[in-house]
Amino acid sequence: MPFLSKSPGTYGIYAICISITIFLSYADLGFLRAGQKYATESYARDDRQSEMKFIGFGAFILLLFSLVCAIIFFFLSLNPEILIKNLGNHEKIKIASDLLLILACFTPITVLQRIFSMIFDIRLEGYIIQRLILFSSLVSILSVFYFFRENSYEIVLYFLFLQILNLLVVIASAFLIKKRYEYDFVKLLKYTRFNHEVYVKVKGLAYSGLYVMVVWIIFYELDQIVIGKFLGVEKVALYSIALVISTFFRSIFGIIFSPFSVQANYYVGNNDNTGLKSFCLQMYSLSAPVVILPTIAFALISNSLIITWVGPSYTESIKLAILFSLLFSACFISYTSSMILVATVRVKEMYIIATIQALIFWIGVITTYSFLGLFSFALFKLIATFVSEIYYIFILSDFVKLSIIDLIVKVAYPILIPLIFLMLSLTFAVEFFPNTKSSLNLLIVLGTTGLCLGISLFLYYFTSLEFRNFTKGFVSNILISKS
């Protein structure tokens, strides 16, 4: 990131192009996500044919609308100023055009990656493709030293290289799926078509998911595009640097919680409602420290993190980074409750939460931007998120039959001492953190923060009996599997 951000204008173009790739995540219109729920239930019942039908139907919808996205990306590549304001010189126009053209060409790869990821997730082995993605991410990080050398800023070639890495991940995933599961891709291809029977089964959840998806895009994904369209690429760069922290937590927590969402569908497939309630309550309490401690830590070090990471030219990003660090600090509630809503197909609550978030965010931004500036985007994204978390905890309370007070105490009591230690230690440490941009200084900031987080989790091991028992059981299972 320090290498990419050394040219704020060009980085702003890159950030906008990256932000529109997120629309590919929603190109299935909710049908692939809905299909995954029913495919998982079919797999739990050992019904492989139905599993393929649901995957194939979702893949057909995803492929169809991804091609539409690819055509739009190609059209934008011909005239990128439709998307981005004040591109200015010919060089920046050429960069934006090339990035959008590459994106259009590699759109099918994104489709295949989502399908393969779904196959792994259904078998509770999503970690396999996550390892491949992690390895490709490490390669992409190392590659910045080549593409962004002294007097060299090859951002278009870098973006092309990222897409090639995604292609290699897809090829490796296909090989592993075939070898590990003896998966019949030819049969899956035959099921990749419109199926009226499957459509009738999934349409309720899919259409509710489509509405939620559209409103989520309006709430969470449009901000960078709106800023780029009306305020220009320089403001996008300032905003995007802070947003990286939120995106980081969103990605990490998505990886952590994704297998649990699949596991919930196993309970539904086996009609085990009691097991689902127990599972959700355990997930809520065990995930709390993993969510709360890191997000609070990053909020405390945001000033030092931004300065040592990208330098003083991004000082305006610091306040935004603090709010974006806190954005996911209560997401252990929403991830658990969302899992309940999807598993039990409670559509009405999905509509309400999604609508509330979007309304609070955009009404807040529109009414306060004139005097808060970019800060209004981060502030009202945080407010909207926390309002939804309040709604989510009512849903969780009703489902597991525990009062809200009991749920709060279940988390607050064991985390109090570790949290106090974390806040005191980092508040003391930031006074001595370096305040100049360099890789070494960034490592000092992150290393110290990691140490404080590690000690906090170690303290939590002793303050939470449930966490201690879970950790012992987890370690024992690992040792047994290796012996």
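The values are calculated or read from the model by the stated rules, or taken from the named source; none is laboratory data. Predicted model, so just to flag it, every value in this text is computed and none were measured. Glycine also receives a Cβ, built like all others from the backbone with ideal geometry; neighbour counts cover every protein chain displayed. The protein model used for the area step is the full one, side chains on, heavy atoms only, and it has no ligands, DNA or RNA in it. Shrake-Rupley method; radii C 1.70, N 1.55, O 1.52, S 1.80 Å.
Here are a few things to note about the model shown:
- There is no residue in the range 377-398 that is aliphatic (A, V, I, L, M), under 30 Å from Val345 (Cα atoms) and not in a helix (DSSP H, G or I).
- Listed by position, the helices (runs of 4 or more DSSP H) enclosed by the range 157-251 that each have at least 2 residues that are of a type in the set (Lys, Arg) and more than 30 Å from Leu382 (Cα to Cα) are 185-191, 196-216.
- Qualifying residues in the range 236-266 (those that are farther than 30 Å from Asp121 by Cα and at pLDDT below 80) - the one surrounded by the fewest Cβ atoms within 10 Å (Cβ to Cβ): Ala237
- Restricting the range 423-442 to residues that are under 13 Å from Val310 (Cα atoms) and assigned to a helix (DSSP H, G or I), the residue that is nearest to the chain's Cα centre (by Cα): Leu442
- Criterion applied to Ile93, Ile133, Ile141, Ile128 was being open to solvent by less than 30 Å² (accessible area, probe 1.4 Å), part of a helix (DSSP H, G or I) and at negative phi, and the one residue passing it is Ile128.
- The single condition among (1) open to solvent by 50 Å² or more (accessible area, probe 1.4 Å); (2) among the aromatic types (Phe, Trp, Tyr); (3) more than 23 Å from Leu451 (Cα to Cα) that Tyr220 does not meet is (1).
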